[in-house]
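*Asks:* Quick one: the structure is below, questions incoming.
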Ligand SMILES: [Zn+2]
């Protein structure tokens, strides 16, 4: 149970009626530009492998993809969760906006959903064009895969909760080291670019009784993959989380971990693919 004080305020006379009001969706997505079927189809045809990056267990690696290329994240040796960061290859300040992606598409993403970029950009950076775990749906616990709830495991939270233990292979640190190496940045500067992730293959939800964030062993198996169409030129970072399948622990060397494979393909759409246009808001903010 969370560390909460007992409730102090009795419900008002109409409390039950207030609670019975039906919810409305915050962001109805009927007006959101949907990913056309033709794009999903094109991203699955004429695949030609252009690059391969192996992400070792408890490490991260960077990769690059041009607009119109397909990034495939593959489970290869055993159940493993991957923490994904993506940036505009030409401007690291434009990066994945997990919170708005969650607000628009829900707590987990699958085929047809898009990965949106941070303000003031807010455009699709990548779109999910294939998901071999789309059969999973939402399980009896409320769990689903490819989470955009979680942030990334990090040594600060671990230090806080463990009473001071220093662990250096949390996804936050792995991504920091990988970005520093890829861009030739000092570690402290690279760290500032690490952001909330897409937790690829991670199975999570919120408990119904306490509203707490939970994880459970990922249903991913070797051969499973998540495919993303790059909508702009991308730099990516992927960490093979020290939590392995995230079925018990993270932020330690105690559980079995496996590598992940990133493959970058040309596809039928790649030649001349037009990057996602900038957001149309004029940025005047009422001034
Ligand atoms: Zn992690």
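*Asks:* Would you say residue 178 is more than 16 Å from the ligand (Cβ to nearest atom) and either out of contact with any strand residue (DSSP E or B) (no Cβ under 7 Å at 6 or more places or on another chain) or in contact (Cβ under 8 Å) with a residue 60 or more places away in the chain (or both)?
*Replies:* no
*Asks:* Are there any strands (runs of 3 or more DSSP E) wholly within region 187-287 with 2 or more residues that are touching a helix residue (DSSP H, G or I) at 6+ places or on another chain (Cβ under 8 Å) and under 23 Å from residue 171 (Cα atoms), and if so which?
*Replies:* Filter on region 187-287 gives 234-240.
*Asks:* Just for region 251-287: of the residues that are within 13 Å of the ligand (Cβ to nearest atom) and crowded, with 20+ Cβ neighbours inside 10 Å, which one is farthest from residue 215 (Cα to Cα)?
*Replies:* Looking at the filtered set, the residue picked out is 260.
*Asks:* Here are some residues: 261, 198, 254, 228. Which one is farther than 16 Å from residue 133 by Cα and either under 19 Å from the mean Cα position of the chain (by Cα) or modelled with pLDDT of 95 or more (or both)? Even if it seems obvious, please write down each step before you answer.
*Replies:* Working: 198 fails: farther than 16 Å from residue 133 by Cα; 254 fails: either under 19 Å from the mean Cα position of the chain (by Cα) or modelled with pLDDT of 95 or more (or both); 228 fails: farther than 16 Å from residue 133 by Cα.
Selected residue: 261, the only one of 261, 198, 254, 228 that is farther than 16 Å from residue 133 by Cα and either under 19 Å from the mean Cα position of the chain (by Cα) or modelled with pLDDT of 95 or more (or both).
*Asks:* Checking residue 46 against (1) part of a strand (DSSP E or B); (2) in contact with a strand residue (DSSP E or B) (Cβ under 8 Å, 6 or more places away or on another chain); (3) surrounded by fewer than 17 Cβ atoms within 10 Å (Cβ to Cβ), which test does it fail?
*Replies:* Among (1) part of a strand (DSSP E or B); (2) in contact with a strand residue (DSSP E or B) (Cβ under 8 Å, 6 or more places away or on another chain); (3) surrounded by fewer than 17 Cβ atoms within 10 Å (Cβ to Cβ), the lone unmet condition for residue 46 is (1).
*Asks:* OK, next. Inspect region 52-62 for any residue being without any contact (Cβ under 8 Å) to a residue 40 or more places away in the chain and surrounded by fewer than 16 Cβ atoms within 10 Å (Cβ to Cβ) and give the result as yes or no.
*Replies:* There is no residue in region 52-62 that is without any contact (Cβ under 8 Å) to a residue 40 or more places away in the chain and surrounded by fewer than 16 Cβ atoms within 10 Å (Cβ to Cβ).
The values are calculated or read from the model by the stated rules, or taken from the named source; none is laboratory data. Since we're looking at a predicted model, the values are computed, not measured. Please note: Cβ atoms are built from the backbone with ideal geometry, for glycine as well, and neighbour counts cover all protein chains shown.
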